[in-house]
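The values are calculated or read from the model by the stated rules, or taken from the named source; none is laboratory data. These numbers come from a predicted model, not from an experiment. Cβ sites come from the backbone with ideal geometry, for glycine too, and all protein chains shown count toward neighbours. Ligands, DNA and RNA are stripped out before the accessible areas are found, and what is left, the full protein with its side chains, is counted by its heavy atoms. Shrake-Rupley method; radii C 1.70, N 1.55, O 1.52, S 1.80 Å.
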Amino acid sequence: MSALTLSGIPLPVLADRGLTYTPTLLGEHRRAFSGWLRTSERREVITYAGNTGPLSQEEARAYRGLLKGEGHVWNFDVGMRSNTFLLPSGTVGTMSVWAGGRFGACLRMSVSSSITLPVALGPRWTVAYWWKLEGTAHWTHFVHRSGHLIASNGQGDAVPSSEGALVVDDAGALPGGDVTLRILPRSAGGLFNPNNAALLVDDVVVLPWVMPSSWLSPWFSAGQPFGAPYPYHLASGRALFEPRVVLGRMGQGRAVQWWQDGGFVLGQEFDFELQER
């Protein structure tokens with residue numbers, strides 16, 4: 001088990017600096033005029049602070065985005081809007097919010113329907129979701145990443161890019177930078193839908209950077225939704241007495257260089273804080 005995870009994703013902590021715990025009292029301790037000590041403390045919240053240690057440029061970009069809460073999440077528990085109050089720009093066919101999702105509510109898409117999310121992503125992106133065909137028993141976690149095949153249930157580059165519900169062009173890019181999910185009938189090339197069933201989709205995660213491959217397996221194994229809700233995370237791990245809901249904040253960063261595989265690698269390390277909600 002990792003020392004510290006956010007929504008199931010391991011967050012590195014430099015060992016020689018450790019993780020510091022700074023309490024903040026909600027209320028106050030003070031002395032009355034008589035000298036007696038009085039308290040109005042209601043509860044105590046902790047700020048956890050640490051340093052990531054050396055990271056590649058790609059990893060540093062992803063961890064910065066994770067801590068800052070970049071991107072969008074549709075968990076469908078509050079209808080069709082995302083955590084940033086973004087609504088779909090268009091739908092085709094019949095769809096509705098259902099109660100029987102992977103983590104709560106989910107989106108039910110009838111066969112031959114589609115939904116477009118106007119996220120305006122650049123050339124580097126990640127789109128993830130849990131899905132299953134109506135009438136089947138198990139949910140599958142798909143993670144689409146620019147420049148990669150689809151990761152399935154924590155296994156990277158496991159499924160051809162033409163599979164899944166995400167629409168990409170022949171070059172593997174998102175048309176117009178937006179995210180479109182669709183469910184095709186078997187006759188139209190819906191290779192993973194042999195019985196023309198409706199598609200159930202939950203916890204759609206859209207990120208403006210490429211998720212590192214090292215995140216895929218622990219995220220799936222944790223079986224947690226992305227966020228609590230996003231941009232908050234459920235922090236857990238051996239460094240904490242019990243799981244806590246936290247909000248990340250960036251600190252000072254530094255360029256670092258190290259020797260690896262016969263050459264020097266230039267990367268980053270940075271300080272971070274996790275503030276209890």
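Is it true that some residue in the stretch 98-119 is touching a Cys at 6+ places or on another chain (Cβ under 9 Å), surrounded by fewer than 15 Cβ atoms within 10 Å (Cβ to Cβ) and farther than 30 Å from L266 by Cα? Explain how you work it out, then say what you get.
Let us first name the residues in the stretch 98-119 that are touching a Cys at 6+ places or on another chain (Cβ under 9 Å), namely 98-100.
When the remaining residues are screened for being surrounded by fewer than 15 Cβ atoms within 10 Å (Cβ to Cβ), the result is 99-100.
With the extra rule that they be farther than 30 Å from L266 by Cα, the set shrinks to 99-100.
Looking through the stretch 98-119, at least one residue is touching a Cys at 6+ places or on another chain (Cβ under 9 Å), surrounded by fewer than 15 Cβ atoms within 10 Å (Cβ to Cβ) and farther than 30 Å from L266 by Cα.
Among the residues of the stretch 208-230, which ones are assigned to a helix (DSSP H, G or I) and touching a strand residue (DSSP E or B) at 6+ places or on another chain (Cβ under 8 Å)?
The answer is S213, S214, W215, L216, S217, P218, W219, F220, A222.
Does V127 meet the test of being hydrophobic (A, V, I, L, M, F, W, C) and open to solvent by less than 20 Å² (accessible area, probe 1.4 Å)?
yes
When P243 is evaluated against the numbered criteria (1) touching a residue at least 12 places away in the same chain (Cβ under 8 Å); (2) within 21 Å of the chain's Cα centre (by Cα), which criterion, by number, is the only one it fails?
Only one criterion in (1) touching a residue at least 12 places away in the same chain (Cβ under 8 Å); (2) within 21 Å of the chain's Cα centre (by Cα) is unmet by P243, namely (1).
Can you list the strands (runs of 3 or more DSSP E) lying wholly within the stretch 106-207 that have 1 or more residues being closer than 17 Å to T94 by Cβ and either at pLDDT 95 or above or of a type in the set (A, V, I, L, M, F, W, C) (or both)? Can you show your working first?
Values: elements: 106-109, 113-117, 126-133, 140-145, 150-152, 155-159, 179-183, 199-207.
Here the list reads 106-109, 113-117, 126-133, 179-183, 199-207.
For the stretch 57-73, state whether one or more residues are assigned to a loop (DSSP other than H, G, I, E, B) and open to solvent by less than 30 Å² (accessible area, probe 1.4 Å).
Yes: one or more hits.
If I ask for residues that are open to solvent by 70 Å² or more (accessible area, probe 1.4 Å) and touching a strand residue (DSSP E or B) at 6+ places or on another chain (Cβ under 8 Å), which ones from the stretch 26-36 would you list?
E28, H29, R30, R31
Identify, from the list T20, T52, T94, the residue that is in contact with a helix residue (DSSP H, G or I) (Cβ under 7 Å, 6 or more places away or on another chain) and surrounded by 11 or more Cβ atoms within 10 Å (Cβ to Cβ).
Selected residue: T52, the only one of T20, T52, T94 that is in contact with a helix residue (DSSP H, G or I) (Cβ under 7 Å, 6 or more places away or on another chain) and surrounded by 11 or more Cβ atoms within 10 Å (Cβ to Cβ).
Taking the condition within 24 Å of A151 (Cβ to Cβ) and surrounded by fewer than 17 Cβ atoms within 10 Å (Cβ to Cβ), does P225 pass?
No, not satisfied.
Residue check: is G223 more than 26 Å from V111 (Cα to Cα) and at pLDDT below 95?
yes
Could you give me the residue pairs with C-beta distances under 6 Å whose first residue belongs to the stretch 9-30 and is assigned by the TED database to the domain that holds P243 and modelled with pLDDT of 90 or more, whose second residue is of a type in the set (G, A, S) and open to solvent by less than 70 Å² (accessible area, probe 1.4 Å) wherever it lies, and which are 6+ apart or on separate chains?
From the stretch 9-30, the pairs are P10/S2; P12/G53; V13/A3; V13/G50; L19/G50; L19/A239; T20/A49.
Any idea which of V245, V210 is farther than 19 Å from W130 by Cα and at pLDDT 95 or above?
V245
Within the stretch 16-36, can you find the residues that are in a loop (DSSP other than H, G, I, E, B) and more than 30 Å from A128 (Cβ to Cβ)?
Correct list: D16, R17, G18, G27, E28, A32, F33, S34, G35, W36.
Could you give every pair whose Cβ atoms fall below 6 Å, whose first residue belongs to the stretch 149-174 and is in the same structural domain as P208 (by the TED database) and at positive phi, and whose second residue is assigned to a loop (DSSP other than H, G, I, E, B) and open to solvent by 40 Å² or more (accessible area, probe 1.4 Å), counting only separations of at least 6 or pairs across chains?
So the pair list comes out as D157/H148; D157/L149; G172/S161.
Give the residue that is most open to solvent (accessible area, probe 1.4 Å), with candidates limited to residues of the stretch 239-257 that are touching a Leu at 6+ places or on another chain (Cβ under 7 Å) and of a type in the set (G, A, S).
Within the stretch 239-257, the match that is most open to solvent (accessible area, probe 1.4 Å) is A255.
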